[in-house]
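Q: My questions will all concern the structure given below.
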């Protein structure tokens, strides 16, 4: 009997910035990642203005210049334990 594929509990988006810095953004679903990327990030990709990034941490605000992002890595995070047979 085939098993159903595991579903990630959240997605981490790693933004690689000029100068070697990285920023971590967290989303609950891949749809949230796609909506954020297409609606908020991609239209401003060439902008040098500071743009707020979604951060799940309380009392934390992250602003970056989208033009300085040199890479985006999306990582699915699985926090559930593996079922043993």
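Q: Let me have the 222 nm mean residue ellipticity of the chain computed from DSSP H runs of 4+ only, each contributing -39500 (n - 2.57), with the sum over all residues rounded to the nearest 500.
A: Details: 1 runs with 7 residues, N = 85.
Per the formula, -2000 deg cm²/dmol.
Q: Using the alpha-carbon centroid of each, what span in Å lies between the range 13-30 and the range 59-73?
A: 7
Q: Rounded to two decimals, what ratio of Rg to Rh does the chain give with C-alpha atoms and a Kirkwood Rh?
A: Ratio value, two decimals: 1.08.
FYI, it's all coordinate maths here, none of it is from the lab. A quick note: this is a predicted structure, and the numbers were derived from the prediction, not measured.
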